[in-house]
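FYI, it's all coordinate maths here, none of it is from the lab. Predicted, not measured: the structure shown is a model, and the values here were computed from it. No Cβ is skipped: glycine too gets one built from the backbone with ideal geometry, and neighbour counts run over all protein chains shown.
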Amino acid sequence: MSHHLLRIFKRFAATVLLLCVGGLASAGTPVVYKDGAKSLFQIEAPDFWNVRTGGQRTLTAPDTGEERTVSRIMGLTPVSEKGIWVGFVSPHGVRTLDEASEYLQDIGPFLVQDTEIGKRVTRRINGLPTKTVAGTGKRKGRRVEFTVVMVDLPYDRVAISVVVFEAGADPSPVNDINDMLLSFKAIR
């Protein structure tokens, strides 16, 4: 990794990791993640971001061809910036932060290849136990920086958010991302 890219990554990771500090932020329009009829959590989508959802589906690992079924994924991208994606999922059968870490080790290669894990932090978001992991890797042949946020929900479920920045992406949406993640609320 070049020195310049490493410096940008450190700034990005440090900024996104700040999301666990401070109080509730207001980011925009409420969006609720549901599993069937049950609402699990809510975030506030920033203005000028696209929100896309998809139901349960099967993903294929690009390097091995192995298939894996994943739960509903909710993805957000800024309208005016390319190379930035924020995703949310609450995988079926994943009940604890330790299980979320195991799930990510299994599903990780489907999302980012050649990963190098950097900082790991345990904190709280709006009172909920949270673990974050930051690192670098490749997605579709391009260098990326990522931060994974795992949130322990109060009813034997876990929410996982993945923030991905492609090399060269404008880091200015980091404040929107922090506000979005700080707005995270479990629905009881």
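Figures for the structure shown
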| read-out | value |
| --- | --- |
| Cα-projected label distance for LYS38 with ARG57, points at 7 Å along beta-carbon direction, nm | 2.4 nm |
| Summed residue charge, Cβ within 14 Å of MET74's Cβ, Lys/Arg positive, Asp/Glu negative | +2 |
| Counted charge near PHE48, where neighbours are those whose Cβ lies closer than 11 Å (Asp, Glu -1; Lys, Arg +1) | -3 |
| Prolate/oblate/rounded label for region 21-136 (Cα gyration tensor, a/c 1.5) | rounded |
| Cα gyration tensor category, rounded, prolate or oblate, for region 105-148 with a/c compared to 1.5 | prolate |
| Sequence ranges 177-187, 42-52, ranked by mean other-Cβ count within 10 angstrom, highest first | 177-187, 42-52 |
| Packing-based exposure ordering (other Cβ within 10 Å, fewest first) of TYR103, TYR155, TYR33 | TYR155, TYR103, TYR33 |
